[in-house]
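A short write-up of the structure that comes next.
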Amino acid sequence: GLALPPPFVGRPGQDEPVRVAGATDGAAIAAIKWRAFGANYRDGVLPDAFLDRRDVVPPATFWVGRAMLPPSRRHRLLVWGRPGTVFGYLDAGPVHPEDADPAQPDSGEVYELYVDPSAQGAGGGTRLLEAAEAWFRSVGYERAELSTLVTNPAAQAFYRARGWEPTGRVVPVDLGTVAFEEMRFASRL
């Protein structure tokens, strides 16, 4: 069957594993991203009008395909939760060429890390990030990067508390329906 996200699976237990995502996790991942995006990006992080109109992007079928056939051996989709449950996820792989620091182009990148709003504060985000860092080291990366919204001090504080530092680079993003700036963070592995 399909994995379910909160609120259908209750609160995470202390022993929830971080594991490689499977195809059955795709719908739960899409639901978690939609819920976390809508909850965490309010209060001036992104315009409420944009958040109120957004679709589920990417759709569940994207995440099913991503879990079934990663783009390469250097990509990893992780979920936090036992089989049948997903409380959060992290998508990672090689740094995108357009985002790479020219001085260090062979780095890993955390593309996305989202934990369902009802499961935040239970340690899942930290466990996902630590699992990604260990995986990055296992495939030969010595450094990893990620982006946060310039207007999202909570995410910035989360990464700083885990040893990630701003690189000083700010990247403008224009989705057509909303524009914003992302700041890059990096960590030595």
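The values are calculated or read from the model by the stated rules, or taken from the named source; none is laboratory data. Source: prediction; values computed, not measured. Counting neighbours? That spans all protein chains shown, and the Cβs are built from the backbone with ideal geometry, glycine included. We work out accessible area using only protein heavy atoms, side chains counted, and drop any ligands, DNA or RNA first. Shrake-Rupley method; radii C 1.70, N 1.55, O 1.52, S 1.80 Å.
Residue check, Ala49 against (1) at pLDDT below 95; (2) open to solvent by less than 50 Å² (accessible area, probe 1.4 Å); (3) within 26 Å of Ala179 (Cβ to Cβ), all met but one. Which one? In the conditions (1) at pLDDT below 95; (2) open to solvent by less than 50 Å² (accessible area, probe 1.4 Å); (3) within 26 Å of Ala179 (Cβ to Cβ), Ala49 misses (2) alone.
Taking the criterion of being open to solvent by less than 50 Å² (accessible area, probe 1.4 Å) and not hydrophobic (A, V, I, L, M, F, W, C), the residues of the stretch 116-135 that qualify are Asp116, Pro117, Ser118, Gly123, Gly124, Gly125, Thr126, Glu133.
Please indicate, with yes or no, whether at least one residue in the stretch 2-20 is part of a loop (DSSP other than H, G, I, E, B), within 29 Å of Glu181 (Cβ to Cβ) and modelled with pLDDT of 95 or more. Checking the stretch 2-20: not a single residue is part of a loop (DSSP other than H, G, I, E, B), within 29 Å of Glu181 (Cβ to Cβ) and modelled with pLDDT of 95 or more. Residues in the stretch 1-23 that are surrounded by 11 or more Cβ atoms within 10 Å (Cβ to Cβ), charged (D, E, K, R) and over 18 Å from the mean Cα position of the chain (by Cα): Arg11 alone. Name the residues in the stretch 58-112 that are in contact with a Lys or Arg (Cβ under 8 Å, 6 or more places away or on another chain), part of a strand (DSSP E or B) and either small (Gly, Ala, Ser) or modelled with pLDDT under 95 (or both), would you? Hits for the stretch 58-112 are Ala92, Gly93, Asp101, Gln104, Gly108.
Considering only the stretch 28-46, state which residues are without any contact (Cβ under 8 Å) to a residue 24 or more places away in the chain and either open to solvent by 60 Å² or more (accessible area, probe 1.4 Å) or β-branched (Val, Ile, Thr) (or both).
If we filter the stretch 28-46 for residues that are without any contact (Cβ under 8 Å) to a residue 24 or more places away in the chain, which is where we start, we get 34, 38, 42-43.
Listed by number, the residues that qualify are Trp34, Arg42, Asp43.
Kindly indicate the residue of the stretch 115-157 that is assigned to a helix (DSSP H, G or I) and of a type in the set (S, T, N, Q) and also farthest from the chain's Cα centre (by Cα) among those meeting that condition. I'd like the intermediate steps shown before the answer.
Filtering the stretch 115-157 for residues assigned to a helix (DSSP H, G or I) gives 117-119, 124-138, 153-157.
Filter once more, keeping what is of a type in the set (S, T, N, Q): 118, 126, 138, 156.
Numbers: Ser118: 16, Thr126: 11, Ser138: 19, Gln156: 13 Å.
The extreme case among them is Ser138.
Do we have Thr151 as of a type in the set (Ser, Thr, Tyr), at pLDDT below 95 and touching a Phe, Trp or Tyr at 6+ places or on another chain (Cβ under 9 Å) here? No.
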